[in-house]
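Shown next, in structure tokens, is the structure this report addresses.
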Amino acid sequence: MRSRIGRLLLLALVLVVVFFGSKAAGIYVNWLFFREVGYGAIFLKVLSAEVLTGLAFGVVFCLFVGVNILFASGIKVPAIDVLFMDRIKIPIDPGKFGRMVKAFGLLVAILGGILSGLWGSSLWPVVLGFLNSISAGRIDPIFGKDLSFYLFKLPLYQALSGYTGFLLFLTLILVAAGYMVRGGFFVLGARISFVKQAKGHLVLLLFLFFVRLAFGFYLDRFEVLYSAHSVITGAGYADVHARLIMISLLVPAAIIAGAAASYALVREKWRIALYPVAGLFVLYVLGVGIYPGLVQSFKVAPNEQAMEEPFIKHHIALTKYGYNLDSVEVVPFDVSFNLTGKDIEKNETTVKNIRLWDEAPLLKTYSQLQQIRTYYRFNGIDTDRYTINGEYRQVMLSARELSYSDLPSKSWINEKFVFTHGNGIVMGPVSRISKEGLPEFTVKDIPPVSSSNVRITTPETYYGNLTSDYVIVNTKVPEFSYPTSEGNVYTSYKGSGGVHLGSLLRRAFFASYFGSAKIILSSEITRESRIIYNRNVTERVHKIAPFLVLDSDPYPVVGEDGKIYWIIDGYTASNLLPYSKPLKNRINYMRNSVKVVVDAYNGKTDFYLSDPDDVIIKVYGAIFPGIFKPMAEMPTDLKKHVRYPRDLFRVQTAMYASFHMNDPKVFYNKEDLWEVPAHDDKAADPNYLIMKLPEEQKEEFVLLVPYTPAKRDNLAAWFAARCDEPNYGKLLVFTFPRDRLIFGPKQIDARIDQDSYISQQLTLWGQRGSQVIRGKLFIIPIEKSLLYVQPLFLSAEAGGGGLPELRRVIVAYENDVVMEENLEQALAVLFGARKTKTPAAGAQETAKKTSIQDLAKEAAKVFERAGALQRQGDWAGYGEQQKKLEQILKEMTGR
């Protein structure tokens, strides 16, 4: 017997050693990484929490099951004979069966303890959140509990409920099965006969199971606050006045049923023990399953709006709180169409920063003009703002990263020693185009060449979006830096990133972790060599702070020190906020609480607190003291590039389309439902713009999206998130008047399509083999008016691999639509005659003479261009110039 138990224990020990031995290398490598980035305390806190939590759950499981098995095995059961077919007596040896049951039960206890420990170790965020929870300062409207109860305490209670329920049920089954096969109890008709001690043991376990059932019903009361209905998420009238009452009754009912069933078993009447169990089941089905539905159908449905009104208020208020929409400022925007040329000049900064380049065409253009070599790649286009030569300018930029999948010669030496990093960025203004229709560059080429005050002195990017594998630097093999016409330039790493590969033992650990013996065998690695890993910036941040949800778009920033940094937005999120409408991934609480900065050369990672009022980040700050720095400590040159995250704004935009309706009656009837207008059959993306908000004195960086009424095409409002200090994070909604039509994007697109001249030009370009790409339609608020701007790109159609060129700009204002070679010409055509309405007589005459002279000069230039195009046989271009000449002559006639 002892030898059998010993073998089982040895088997369990081997499994533990194999499992944890395979993780030893990973634990050591991760510890070196956390120590490198200066967050060793986080690693130790998480590791200790995982170990202690896992041990607690595993030991409790093992001890509870094991003690019950040992106790049951220690009870003496007399030998009995069982009649088979009323004739044959089969003797049962309790000792023999007892040893088998004991061995099996102990094996289940050990294996179950291991699995419970592994499961329990994953609960470390829940346990630490429970232990460090603080008040959220807001209570739920049904139970009056602070919201922190739902965010931090309820998850642990639910985990413990599920754990104890499974533990008690499994133990009860194992113990009952053990007694049964040994003859500890048997059924005789309506009676059940027990060995005395077995009876007390089973009755106690059964009663504990019903107590756990009652605790589960107690927690189910809070689940009512997450109920899904057609109108709201959260407890409605039927939930509060029917379902909640019945669930509350089930708590004492479960204890009473458990006591009654236990008493019946003590009296050895098993059929009577079933009555309270069946009664509890019937009460649950009728009270929780059927009764609330009857209340909903016969009482609520005929008067749903009135009866659900208070619960709709809860739903609106807590959804706004969940998505940080309860402080949105609503401002009426009375659109007028009296914009003049002077207004355009007054808003010169806004006009200069009207974005003409779209991400997709620009990414193709950057790739073909600035990729330089096939093994470099631009992963995406980002939008930011810089002060360039004294002017506040919006730019589009992209980091030139190394693509290991495109290396010409793939070998371990090349991938790990030679090609180790990307090189620089490409940057250009959003509105500037060359004569060839290509973007102008502020920063370009390898090594980076700048035409402005934005200088890059450390262009090497060892950390980025495409860098997912490890590299080893400072080896005997020189690192490739960049190509030149004379040959390749090589370099060596001078930063502080990575971990020293000094000892053979450390190399062995890394070889085991990365599954490559070459790390040990390579003679190119020296004591000064460093291994750089966790280089993908998103994965790097997630490794350090797994409790943060990270933005999908890390963006590069050039610091005043000439280095490249990555900024990543970090979110705290939960799916446990009562009454809040959930997203598809069930999240119903979200805050952009952290801005993460990663040095692209050294890998240094800093976390800055952007929303110190968020209750979840306060708790994580208490769990990991020192990880989050105040926003004031972020370097000033980097803080200038912090922007409101587009991912969060998309969520807020989708929610606010419904939840701007504060009146429960309006919300119920969806009388004022908004939607984001569609572009290419999907909701239009929010866009970053530099503009002057109404009643403001200077331009600022803003994230903007328009709204239209549901199933309508006219504009209803526009939603703006401010990005510049001191107004960062403030949300504004500018509502348009309802008594007149304000054109929406689809209506402007339709007017462009209906313009005979523009339609003719698009057809001609298409017939000549060019692919016409209509860019995003931007709605630009200027003063109290709206400008609609859409860029037009031409690209070779074959294979879609042509170089997109920005060839025309379409601008719409009021009832006018024009298409010109660039934005300046389009605005000149639209507003050349729009001066102030009542100037002094002398000034008016001077302006008139000047403007006519300017228009005459412009007409002569257009006529010359038309003649040149005619001689070249470019009839499409000739027709376009004739159209432009006609417009200028009409304008001169009007003066």
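Check the stretch 433-444 and report whether any residue there is under 21 Å from Thr538 (Cα atoms) and either within 31 Å of the chain's Cα centre (by Cα) or basic (Lys, Arg) (or both).
No; the residues of the stretch 433-444 include none that is under 21 Å from Thr538 (Cα atoms) and either within 31 Å of the chain's Cα centre (by Cα) or basic (Lys, Arg) (or both).
For Ile780, all conditions in the list (1) more than 25 Å from Ile690 (Cβ to Cβ); (2) among the aliphatic types (A, V, I, L, M); (3) at pLDDT 90 or above hold save one; what is the number of the exception?
Failed condition: (1).
If I filter the stretch 539-557 down to residues being open to solvent by 40 Å² or more (accessible area, probe 1.4 Å) and outside any loop (DSSP other than H, G, I, E, B), which single residue comes out as nearest to Trp412 (Cα to Cα)? Full working, then the answer.
Pass one, the stretch 539-557, residues open to solvent by 40 Å² or more (accessible area, probe 1.4 Å): 539, 542-543, 546, 549, 552-553.
In the following step, the residues that additionally are outside any loop (DSSP other than H, G, I, E, B) were identified as 539, 542-543, 549.
Details: Glu539: 23, His542: 27, Lys543: 25, Val549: 34 Å.
Taking the candidates together, the pick is Glu539.
Residue-by-condition table, conditions (1) under 25 Å from Lys494 (Cβ atoms); (2) small (Gly, Ala, Ser):
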site: Thr365; (1), (2): no, no
site: Ile372; (1), (2): yes, no
site: Tyr375; (1), (2): yes, no
site: Asn379; (1), (2): no, no
site: Asp384; (1), (2): no, no
site: Met396; (1), (2): no, no
site: Ala399; (1), (2): yes, yes
site: Val418; (1), (2): yes, no
site: Glu440; (1), (2): no, no
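Among the residues of the stretch 604-621, is any surrounded by fewer than 17 Cβ atoms within 10 Å (Cβ to Cβ) and assigned to a loop (DSSP other than H, G, I, E, B)?
yes
Listed here are the residues, each with its yes/no results for (1) at pLDDT below 95; (2) crowded, with 23+ Cβ neighbours inside 10 Å; (3) not in a helix (DSSP H, G or I).
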position: Ser516; (1), (2), (3): yes, no, yes
position: Ile568; (1), (2), (3): no, yes, yes
position: Leu577; (1), (2), (3): no, yes, yes
position: Ser580; (1), (2), (3): no, yes, yes
position: Ile587; (1), (2), (3): no, no, yes
position: Lys595; (1), (2), (3): no, yes, yes
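Kindly establish whether Ile525 is in contact with a helix residue (DSSP H, G or I) (Cβ under 8 Å, 6 or more places away or on another chain), of a type in the set (Val, Ile, Thr), buried (at least 21 other Cβ atoms within 10 Å of the Cβ) and assigned to a strand (DSSP E or B). First the steps, then the outcome.
Details: in contact with a helix residue (DSSP H, G or I) (Cβ under 8 Å, 6 or more places away or on another chain): yes; of a type in the set (Val, Ile, Thr): yes; buried (at least 21 other Cβ atoms within 10 Å of the Cβ): yes; assigned to a strand (DSSP E or B): no.
For Ile525, the condition - in contact with a helix residue (DSSP H, G or I) (Cβ under 8 Å, 6 or more places away or on another chain), of a type in the set (Val, Ile, Thr), buried (at least 21 other Cβ atoms within 10 Å of the Cβ) and assigned to a strand (DSSP E or B) - is not met.
Provide a single number: the residues in the stretch 370-407 that are farther than 21 Å from Gly487 by Cβ and basic (Lys, Arg).
The total comes to 3.
Of the conditions (1) under 30 Å from Ile372 (Cα atoms); (2) over 32 Å from the mean Cα position of the chain (by Cα), Tyr462 clears all except one; give me its number.
The number of the failed condition is (2).
Can you name the residue in the stretch 438-467 that is in contact (Cβ under 8 Å) with a residue 40 or more places away in the chain and assigned to a strand (DSSP E or B) and is also surrounded by the fewest Cβ atoms within 10 Å (Cβ to Cβ) among such residues?
Ranking the candidates gives Thr458 first.
If you take the residues in the stretch 704-718 that are part of a strand (DSSP E or B) and in contact with a helix residue (DSSP H, G or I) (Cβ under 9 Å, 6 or more places away or on another chain), which one is surrounded by the most Cβ atoms within 10 Å (Cβ to Cβ)?
Out of the qualifying residues, it is Pro706.
Can you confirm whether Tyr813 is among the hydroxyl-bearing types (Ser, Thr, Tyr), surrounded by 19 or more Cβ atoms within 10 Å (Cβ to Cβ) and modelled with pLDDT of 70 or more?
The answer is yes for Tyr813.
Farther than 26 Å from Asn324 by Cα and either open to solvent by 20 Å² or more (accessible area, probe 1.4 Å) or in a helix (DSSP H, G or I) (or both): is that true of Tyr150 in this structure?
no
Would you confirm whether or not the stretch 217-235 contains a residue that is of a type in the set (S, T, N, Q), open to solvent by 20 Å² or more (accessible area, probe 1.4 Å) and part of a loop (DSSP other than H, G, I, E, B)?
Yes, the conditions are met somewhere in the stretch 217-235.
So which strands (runs of 3 or more DSSP E) are wholly in the stretch 310-401 and hold at least 1 residues that are closer than 30 Å to Lys665 by Cα and open to solvent by less than 50 Å² (accessible area, probe 1.4 Å)?
Fully inside the stretch 310-401 and qualifying: 329-332.
Exactly one of (1) part of a loop (DSSP other than H, G, I, E, B); (2) open to solvent by 30 Å² or more (accessible area, probe 1.4 Å); (3) among the aromatic types (Phe, Trp, Tyr) is unmet by Tyr493. Its number?
Going through the list (1) part of a loop (DSSP other than H, G, I, E, B); (2) open to solvent by 30 Å² or more (accessible area, probe 1.4 Å); (3) among the aromatic types (Phe, Trp, Tyr), Tyr493 breaks only (2).
For the stretch 153-165, what are the residues that are surrounded by 15 or more Cβ atoms within 10 Å (Cβ to Cβ) and not charged (D, E, K, R)?
Result: Leu154, Pro155, Leu156, Tyr157, Gln158, Ala159, Leu160, Ser161, Tyr163, Thr164, Gly165.
Looking only at the stretch 419-437, which residues are among the hydroxyl-bearing types (Ser, Thr, Tyr) and surrounded by fewer than 20 Cβ atoms within 10 Å (Cβ to Cβ)?
Passing the criteria: only Ser434.
Among the residues of the stretch 707-723, which ones are more than 25 Å from the chain's Cα centre (by Cα) and either of a type outside the set (Ser, Thr, Tyr) or farther than 15 Å from His679 by Cα (or both)?
Once the filter is applied, which keeps residues that are more than 25 Å from the chain's Cα centre (by Cα) and either of a type outside the set (Ser, Thr, Tyr) or farther than 15 Å from His679 by Cα (or both), the stretch 707-723 yields Pro709, Ala710, Lys711, Arg712, Asp713, Asn714, Leu715, Ala716, Ala717.
Filtering the stretch 402-434 down to residues that are hydroxyl-bearing (Ser, Thr, Tyr) and in a loop (DSSP other than H, G, I, E, B), which residue is farthest from Pro478 (Cα to Cα)?
Ser431
Can you list the strands (runs of 3 or more DSSP E) lying wholly within the stretch 719-831 that have 2 or more residues being without any contact (Cβ under 8 Å) to a residue 60 or more places away in the chain and of a type outside the set (A, V, I, L, M)?
Because the criterion is at least 2 residues that are without any contact (Cβ under 8 Å) to a residue 60 or more places away in the chain and of a type outside the set (A, V, I, L, M), the strands (runs of 3 or more DSSP E) in the stretch 719-831 that meet it are 770-774, 785-796.
Given the structure, is Tyr601 of a type in the set (Phe, Trp, Tyr), part of a loop (DSSP other than H, G, I, E, B) and either more than 27 Å from Asp334 (Cβ to Cβ) or open to solvent by less than 20 Å² (accessible area, probe 1.4 Å) (or both)?
Values: of a type in the set (Phe, Trp, Tyr): yes; part of a loop (DSSP other than H, G, I, E, B): yes; either more than 27 Å from Asp334 (Cβ to Cβ) or open to solvent by less than 20 Å² (accessible area, probe 1.4 Å) (or both): yes.
When the stated conditions are applied, Tyr601 passes them.
Quick test for you: out of Asn602, Asn585, Asn592, pick the one residue that is within 26 Å of Phe311 (Cβ to Cβ) and of a type in the set (S, T, N, Q). Steps first, please.
Values: Asn602 fails: within 26 Å of Phe311 (Cβ to Cβ); Asn592 fails: within 26 Å of Phe311 (Cβ to Cβ).
That would be Asn585, the only listed residue that is within 26 Å of Phe311 (Cβ to Cβ) and of a type in the set (S, T, N, Q).
Kindly evaluate Ser409 against the criterion of being open to solvent by less than 10 Å² (accessible area, probe 1.4 Å), closer than 30 Å to Ser523 by Cβ and of a type in the set (S, T, N, Q).
Numbers: open to solvent by less than 10 Å² (accessible area, probe 1.4 Å): no; closer than 30 Å to Ser523 by Cβ: yes; of a type in the set (S, T, N, Q): yes.
Considered against the rule, which asks whether it is open to solvent by less than 10 Å² (accessible area, probe 1.4 Å), closer than 30 Å to Ser523 by Cβ and of a type in the set (S, T, N, Q), Ser409 comes out as no.
Whether any residue in the stretch 19-38 is at pLDDT 85 or above, within 30 Å of Gly498 (Cβ to Cβ), out of contact with any strand residue (DSSP E or B) (no Cβ under 8 Å at 6 or more places or on another chain) and hydroxyl-bearing (Ser, Thr, Tyr) is what I want to check.
Yes, there is a match, as at least one residue in the stretch 19-38 is at pLDDT 85 or above, within 30 Å of Gly498 (Cβ to Cβ), out of contact with any strand residue (DSSP E or B) (no Cβ under 8 Å at 6 or more places or on another chain) and hydroxyl-bearing (Ser, Thr, Tyr).
Filter the stretch 385-424 down to the residues that are at positive phi and of a type in the set (Ser, Thr, Tyr) and list them by number.
Selection gives nothing.
Which numbered condition trips up Val108, out of (1) at pLDDT 75 or above; (2) open to solvent by 30 Å² or more (accessible area, probe 1.4 Å); (3) under 30 Å from Arg540 (Cβ atoms)?
Here Val108 meets the rest and fails (3).
From Leu693, Leu673, Leu731, Leu715, which residue is touching a strand residue (DSSP E or B) at 6+ places or on another chain (Cβ under 8 Å), within 23 Å of Ala573 (Cβ to Cβ) and not charged (D, E, K, R)?
Leu731
The values are calculated or read from the model by the stated rules, or taken from the named source; none is laboratory data. Keep in mind the model is a prediction, meaning the values are calculated, not measured. Reconstructed Cβ throughout: ideal geometry from the backbone, glycine too, with neighbour counts over all protein chains shown. Calculation scope for accessible area: heavy atoms of the full protein, side chains included, ligands and nucleic acids excluded. Shrake-Rupley method; radii C 1.70, N 1.55, O 1.52, S 1.80 Å.
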